[in-house]
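This report refers to the structure that appears directly beneath it.
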Amino acid sequence: MALGMTMTQKILAAHAGLKEVKAGDLIVANLDLVLGNDITAPVAINVFAGINAKTVFDKDKVVLVPDHFAPNKDIKAAEQCKKLRTFAGEHEISNYFEIGEMGIEHALLPEKGLVVTGNLVIGADSHTCTYGALGAFATGVGSTDMAAGMATGKAWFKVPTAIKIVLTGKLNKYVSGKDVILHIIGMIGVDGALYQSMEFVGDGIANLTMDDRFAIANMAIEAGAKNGIFMVDEQTLEYVKDHSDKEYTVYPADEDAEYTRTIEIDLSAIKSTVAFPFLPENTRTTDQITEAIVIDQVVIGSCTNGRLSDFSKAAKIFEGRKVAKGVRVLIIPATQKIYLQCMELGYFKTFIEAGATISTPTCGPCIGGHMGILAAGERCVATTNRNFVGRMGHVDSEVYLTNPEVAAASAILGRIADPTEL
Amino acid sequence: MKTQGKVFRYGNNVDTDVIIPARYLSSSDSEELAQHCLEDIDADFIKNVKPGDIIVADKNFGCGSSREHAPIAIKAAGVSCVIAADFARIFYRNAINIGLPILECPEAVAGIEAGDEVAVDFDTGTITNLTQNTSYQGQAFPEFIQKIIAAGGLVSSINKNL
């Protein structure tokens, strides 16, 4: 009798041409997509030059997105972006996205329909795990793996064990996918899913939007996971069909699939959650914060929370209100499409009238690159995904991770605040 | 292959942002990256590290970003080996791919202190603390990974098969 397999194991087996795999197996799998950005791809391009391959394995399956230090923040960044552009030209890479059509890679790829359900994707960026929201296996790798993937269309994997996360119920007002994943990381720790898959199942999934699911899968890496993956439902398939004409395959987990642990989460019990410096596991719910944590900056954007629903929620909070004196607010729509939608829906007017500023799509401040770097002693509330030491600038600055509504409420009150306080 | 060096000791969750802060990622020059290695948690590291020295850390070393610049910076700083209780998975892959020796051994980590002189035998996985006169058995790599290392890293391993 065949072994029961998890969603992840089924995708890995199918891409390795195997009937079955089990946790611990080392396999070589075919890749549907290989991704890199302006930080990781320049290193990969150098490595690629040392591989005996004339060109990439498939010019339609390599994606290059200059998004981290782009628009070019300085001469060095300009040289790195130029390296991507030149390589894309030389190898006729169809999915190279220049300023004007680009966006933050993990918001851009699903939007462009480049990743669909059942795909196996590697990306030289740790948040590649975002595409697990589509029922794909997607994982972050380094530049050498990216170079090897570009050359051969293959990568080696150790088949992971998995944690099953069963979601039930429905989220309350001012609580989103971001709070769900912060809650989970707070519970299991930043290495709680080390080397493992986080597999999300349960009837609560139907109550989560795709944007919620992207935010949850995006931060699986912050629990150390190899990947996060969602059970596929009608909403997933509707999203995939709306955005892509690629063929997709649904790989449901077997009923007897093995999980090392099962975590049950009632979505209705989750509260707005804040991750305090300097780890995403340092979580407290907003109602547990009794002291006034005065802030200098708010960033709403990133591959975690830079999608349309994030800005529509933030706009509702900012509507008719003003940013507190002394607080700088940066709104960064993740893609050009989202930017245009925000403009057409009037959100930009709301943000600007409130006293916020709006940036072109970029990872920018999230990695302390540009567009909102912190000085010594400054505090930022950000809808991003990491709050490590020095992450957004000076080594003595602090980042607090929240959902967009808490970030907006904090901007208005000048301290970390729950939207119900307004 | 063997190595011996003085230990630089760190705690849990040393992330790739502190191994090499993003503000330096507009360079992919290994020597330049090495100059800023670990500066946000140990400003003296790069002044004091000598070729062959060893980093010992607790759990989840290399968590966070996938930047290969992190193991590149450590290797270029002259570090001959990183020993940790466990590693974040992308860092683990990257270290193997670029030829930075790493070992998982929670017992050794518990028994090694900053400044200890430690010797590592990669063929056997034996870690010897010369200062405290103790020795530990590190976890050997699976054969599949040993082949990548033996070939001289992922690129050489792929070139053999192309």
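Here are the numbers for the structure shown:
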read-out: In region B:130-156, residue nearest to the chain's Cα centre (by Cα) [restricted to those that are within 20 Å of B:Phe87 (Cβ to Cβ), modelled with pLDDT of 85 or more and not aromatic (Phe, Trp, Tyr)]; value: B:Gly138
read-out: Any chance B:Ile83 is in contact with a strand residue (DSSP E or B) (Cβ under 9 Å, 6 or more places away or on another chain), in contact (Cβ under 8 Å) with a residue 24 or more places away in the chain and away from every other protein chain (no Cβ under 11 Å); value: yes
read-out: Qualifying positions in region A:105-130 - more than 16 Å from B:Ser66 (Cα to Cα) and either touching a strand residue (DSSP E or B) at 6+ places or on another chain (Cβ under 8 Å) or of a type in the set (A, V, I, L, M, F, W, C) (or both); value: A:Ala107, A:Leu108, A:Leu109, A:Glu111, A:Lys112, A:Leu114, A:Val115, A:Val116, A:Asn119, A:Leu120
read-out: Complete set of residues in region A:158-188 that are away from every other protein chain (no Cβ under 14 Å), β-branched (Val, Ile, Thr) and within 20 Å of the chain's Cα centre (by Cα); value: A:Ile163, A:Ile165, A:Val175, A:Val180, A:Ile181, A:Ile184
read-out: Tally, over region A:120-146, of residues that are part of a helix (DSSP H, G or I), within 7 Å of chain B (Cβ to nearest Cβ) and either aromatic (Phe, Trp, Tyr) or in contact (Cβ under 8 Å) with a residue 40 or more places away in the chain (or both); value: 3
read-out: Filter result (surrounded by fewer than 22 Cβ atoms within 10 Å (Cβ to Cβ) and within 30 Å of A:Thr6 (Cβ to Cβ)) within region A:32-60; value: A:Phe57, A:Asp58, A:Asp60
read-out: Helices (runs of 4 or more DSSP H) lying entirely in region A:1-112 (those with 3 or more residues that are more than 10 Å from chain B (Cβ to nearest Cβ) and either free of Cβ contacts under 8 Å to residues at least 60 places away in the same chain or hydrophobic (A, V, I, L, M, F, W, C) (or both)); value: A:7-16, A:75-90, A:105-111
read-out: Any hit, region B:58-75, residues being part of a strand (DSSP E or B), farther than 25 Å from B:Ile158 by Cβ and within 14 Å of chain A (Cβ to nearest Cβ); value: yes
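Residue by residue, here is whether (1) at pLDDT 95 or above; (2) surrounded by fewer than 20 Cβ atoms within 10 Å (Cβ to Cβ); (3) touching a strand residue (DSSP E or B) at 6+ places or on another chain (Cβ under 9 Å) holds:
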{"residue": "A:Ser143", "(1), (2), (3)": "yes, no, yes"}
{"residue": "A:Gly153", "(1), (2), (3)": "yes, yes, yes"}
{"residue": "A:Phe157", "(1), (2), (3)": "yes, no, yes"}
{"residue": "A:Pro160", "(1), (2), (3)": "yes, no, yes"}
{"residue": "A:Ile165", "(1), (2), (3)": "yes, no, yes"}
{"residue": "A:Asn172", "(1), (2), (3)": "yes, yes, no"}
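The rows are residues; the columns are (1) over 28 Å from A:Met219 (Cα atoms); (2) out of contact with any helix residue (DSSP H, G or I) (no Cβ under 9 Å at 6 or more places or on another chain).
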{"site": "B:Pro106", "(1), (2)": "no, yes"}
{"site": "B:Val109", "(1), (2)": "yes, yes"}
{"site": "B:Ala119", "(1), (2)": "yes, yes"}
{"site": "B:Thr131", "(1), (2)": "yes, yes"}
{"site": "B:Thr134", "(1), (2)": "yes, no"}
{"site": "B:Gly138", "(1), (2)": "yes, no"}
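Per-residue answers, yes or no, for (1) crowded, with 24+ Cβ neighbours inside 10 Å; (2) of a type in the set (Lys, Arg); (3) within 23 Å of B:Gly11 (Cα to Cα):
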position: A:Pro361; (1), (2), (3): yes, no, no
position: A:Ala376; (1), (2), (3): no, no, no
position: A:Arg391; (1), (2), (3): yes, yes, yes
position: A:Arg415; (1), (2), (3): no, yes, no
position: A:Thr420; (1), (2), (3): no, no, no
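The values are calculated or read from the model by the stated rules, or taken from the named source; none is laboratory data. Keep in mind that this is a model prediction, so the values were computed, not measured. Cβ: placed from backbone, ideal geometry, glycine included. Neighbour counts: every protein chain shown.
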